[in-house]
C-alpha cells in the first residue's frame, strides 16, 4: 500500500523557475553598484528572502500595505541580511531601478523532467494539486507551461484568501481533493511557507533544496524534483 493518495506542489522555484532567479538578479545589481557579496552572505540572503516572501502577499491582502512601501521595506531588509552598509534611500532607489530593468529580461521556464514526472504520477493515480502563494494569474501560467492537464486542483492564495504558511490554504486544497491530511504530501522550495504550512495542516512536507540552504532541516529534503519518486 502506498503512503500517499495526493501530492501537492508549490509553483514558483518548484514546478517553474525564473531564469535568472530573483536572487541572481539582486546580486547582479549589487555587483553593478560595486558591492561584493560572499557565498555565505548570499546563502544568508536567500534564506532571509524566502522567509520574508512567505508573508509577502498576506501582508498585501490583509494589512493594506501598498506594494511600493512593501517593496522598499523588502529591499532595505534584504540589503541588511547580506551585510550591506550604510543603507541610504538613494541606494534603495538605485537597487530598485536596476532590479526592475534586469527583471524585464527574466524568463519563467519549466525544468527538464517535470512533465515526465507529472505524467508518471498522474498515470499512477495520484491526486495532483498546486498550492501556491500567487495571484489570479496562476492558472494562466500553468496553461502557458503545459502543466494544467496534470492537475486536479490549482489553488492560488489570492483567490483562496489564505496564504502559506497559514494552514487554511492547505485545508482548502485537501477538502477539494477529499483527502485526509496524513495521506497527502506537499513539495516546495520554501521551508517557511511550504514545510511549516504543510505541517500545520497535518500534511507530510518534502523540501526541495537545490542550494542546500537548510542542510539541518527537520524534514525530508531533496536536491531535485526528479528525485521525488524515491520518497513515495
Under the condition of being in a loop (DSSP other than H, G, I, E, B) and over 12 Å from the mean Cα position of the chain (by Cα), which residue from the range 37-59 is farthest from residue 79 (Cα to Cα)?
-> 38
Can you tell me which residue in the range 14-46 is modelled with the lowest pLDDT, limited to those that are out of contact with any helix residue (DSSP H, G or I) (no Cβ under 8 Å at 6 or more places or on another chain) and within 22 Å of residue 196 (Cα to Cα)?
-> 43
Does any residue of the range 195-204 turn out to be out of contact with any helix residue (DSSP H, G or I) (no Cβ under 9 Å at 6 or more places or on another chain), in contact (Cβ under 8 Å) with a residue 24 or more places away in the chain and over 25 Å from residue 24 (Cβ atoms)?
-> yes
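Filter the strands (runs of 3 or more DSSP E) completely within the range 116-232 down to those with at least 1 residues that are modelled with pLDDT of 95 or more and surrounded by fewer than 21 Cβ atoms within 10 Å (Cβ to Cβ). Write out each step before concluding.
Working: elements: 127-132, 153-156, 184-188, 204-208.
By residue number, 127-132, 153-156, 204-208.
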Residue 34 versus (1) surrounded by fewer than 17 Cβ atoms within 10 Å (Cβ to Cβ); (2) outside any helix (DSSP H, G or I); (3) on the phi < 0 side of the Ramachandran plot: which is the lone unmet condition?
-> (3)
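The values are calculated or read from the model by the stated rules, or taken from the named source; none is laboratory data. Bear in mind that the values here come from a model prediction, so they are computed numbers and not experimental data. With ideal geometry, Cβ positions are generated from the backbone for all residues, glycine too; neighbour counts draw on all protein chains shown.
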